[in-house]
Amino acid sequence: GAALDQQDLLMTRSAQNQALEYNKMNQRSSWNNPDSGNSGMIYPTNTYQNGNQPCREFMQEINIGGEIHKAFGRACRRSDGTWDLVP
């Protein structure tokens with residue numbers, strides 16, 4: 001995260017929200033910041049329920065200065081519609 005600027009972080013969060021809320025499994029949401037040269041994509045890999053909360057597992061790839069950083073994550077939707085990362 002330290003190599004991402006504020007605009008990168010906003011774009012990452014927007015793509016993440018789009019992917020978690022609307023994308024089918026393996027459907028990618030991408031972002032690209034021409035000012036920093038950084039880019040990334042995120043896609044859901046699984047959908048499941050945790051009690052009455054919808055949850056999704058996802059893969060994320062971020063390109064920082066030509067170096068690809070990959071991460072796996074999980075998030076569940078709160079009652080207010082926001083997505084929270086879970087361990």
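The values are calculated or read from the model by the stated rules, or taken from the named source; none is laboratory data. Values in this document were obtained by computation on a predicted structure and should not be read as measured data. In this analysis, Cβ positions are derived from the backbone assuming ideal geometry, glycine residues included, and neighbour counts consider all displayed protein chains. Quick note on the areas: whole protein, heavy atoms, side chains included, nothing else; ligands and nucleic acids left out. Shrake-Rupley method; radii C 1.70, N 1.55, O 1.52, S 1.80 Å.
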Expected vector for segment 36-46, Karplus 3J(HN,Hα) from phi with 6.51, -1.76, 1.60 and θ = phi - 60°, integer Hz, x for Gly and Pro, equals 8, x, 8, 8, x, 8, 9, 8, x, 10, 6
With +1 at each Lys and Arg Cβ and -1 at each Asp and Glu Cβ, the charge dipole magnitude of the chain around its Cα centre, to the nearest 20 debye, comes out at 380
Taking Cα atoms, the helix 6-22 axis meets the longest principal axis of the chain at an angle in degrees (rounded to 10) of 30
Computed on Cα atoms only, the convex hull of the chain has an orientation-averaged projected area in nm² of 5.7
Taking the dipole of the chain about the Cα centre (Lys, Arg +1; Asp, Glu -1; charges at Cβ), the one of THR47, GLY73, SER14 that reaches farthest to the positive side is THR47
A 1.4 Å probe over the protein heavy atoms gives the chain a carbon and sulfur accessible-area percentage of 48
Heavy-atom accessible area per residue of the chain, all protein chains kept, 1.4 Å probe, expressed in Å², is 62
